[in-house]
Each structure stands twice: as structure tokens, then as C-alpha cells.
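Working notes for the structure below.
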Amino acid sequence: MSHVIDHPQTPSQKETVRLVTFAIASYRLGLPLDSVLRVVNAPDELRSQTSEILELLPLGHHTISVLNLRSQLSLAQGQTVQRTAAEGDFLVVAKVGEELCAIRVDAPPDIIAVAAATIRQLPAPYRQGHPLSIASQVVVLPQGKATLAIFLLEMKRVLAMLGSANYSISDR
């Protein structure tokens, strides 16, 4: 993980939340630090495979689901999906209930600390039928004259979305 970024706070914003953040298909996404077990380099056999939406990977004594969100999020922005040499070089391993899963990311993620007051519920249109329905909340941070939006993933929604995508693909 690259580095920790602390954003300035007022005394009323003392409660902070630490997030693991990463970029996929021009979106900045995040998970609470306490839900991330580890970040690992993707094994060579996974890097050499074509980018499936959902893959299985033996990791230690576990077999985990590896999620590739790039195609889902790229299509949402009208981007063509092109595999790059760096695609999916890192895995962010998280626990969802009793299951382990990993998200493929291109670069080492960052750990940031944000005021809990900056975390907001996503508007309903984003939570229903939008590619970002995999997120439930958003953090909007000032960044110079612009803002940076970090969409906080809800891993149960991610798995449900990928499960339905795989089901519909395999039905064809």
C-alpha cells in the first residue's frame, strides 16, 4: 500500500474512518480498512489469463473468488475494454461474511483517513441499476479547485452483481 493521506479536520469531525482506495476504469473506489485482510501481488497464472469477470484462485489454504470490475465499470463509461500489461497486478483481499474474495486492481492501493462526517449515502438512482450500484456510500474530498469522489463498495452488492452477470452470460 502506497501511503497514508490525512485530510484536515475540524474538532467536530474527530471521528475518522480509514479506507483502502484504488482506481478501476476511471472510478476511485474504496473499502473500509477493517474489511481488507491484505493486498498481494497477483500470481503469474492470474496475470496471464484473459480478464474474466470472476475467477477462482488458490491462496494459501483457501480458494478465493477474484473479481475483475474493469469490464463492468468501463462499459458504464462507454470505454472500450483493452487489456494493459499492468491490468490486475494486485489483489485487494477482503472478507464477505465467511467467504474470502479479492478485487483485481492495477496499482497498489492507498490508505486514507477521512472524517466520518464526509461519508454520505449514494443517491437512489446510483444504487439501482447503475454500474455504481455496487457502492452504497460516497466520500467527496476537496482536491484543489475540484473534488475527488471515492465510491465505497458494498462487497455483498459486488458479488450479487457479478453473480447475475455470470448467470446471464452463461445462459447465452
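The values are calculated or read from the model by the stated rules, or taken from the named source; none is laboratory data. What you see is a predicted model; the values in this text were computed from it and never measured. Don't worry about glycine lacking a Cβ; one is built from the backbone with ideal geometry, like all the others, and counts go over all protein chains shown. Side chains included, ligands, DNA and RNA excluded: accessible areas come from the protein's heavy atoms. Shrake-Rupley method; radii C 1.70, N 1.55, O 1.52, S 1.80 Å.
Does residue 127 satisfy the criteria of being at pLDDT below 85 and closer than 28 Å to residue 15 by Cβ?
yes
List every residue pair whose Cβ atoms lie under 8 Å apart, where the two residues are 6 or more positions apart in sequence or sit on different chains, the first residue falls within region 44-70 and is farther than 20 Å from residue 97 by Cβ and of a type in the set (Ser, Thr, Tyr), and the second residue, located anywhere, is at pLDDT below 80 and part of a helix (DSSP H, G or I).
Correct list of pairs: 51/71.
Kindly provide the set of residues from region 1-59 that are small (Gly, Ala, Ser), out of contact with any helix residue (DSSP H, G or I) (no Cβ under 6 Å at 6 or more places or on another chain) and modelled with pLDDT of 80 or more, ordered by number.
23, 26, 30, 35, 42 - these are the residues of region 1-59 that are small (Gly, Ala, Ser), out of contact with any helix residue (DSSP H, G or I) (no Cβ under 6 Å at 6 or more places or on another chain) and modelled with pLDDT of 80 or more.
For residue 70, are the conditions met, namely being under 16 Å from the mean Cα position of the chain (by Cα), open to solvent by 50 Å² or more (accessible area, probe 1.4 Å) and either at pLDDT 75 or above or of a type in the set (Asp, Glu) (or both)?
So residue 70 fails the test.
Just give me the residues in region 96-111 being open to solvent by less than 20 Å² (accessible area, probe 1.4 Å) and part of a loop (DSSP other than H, G, I, E, B), in sequence order.
109
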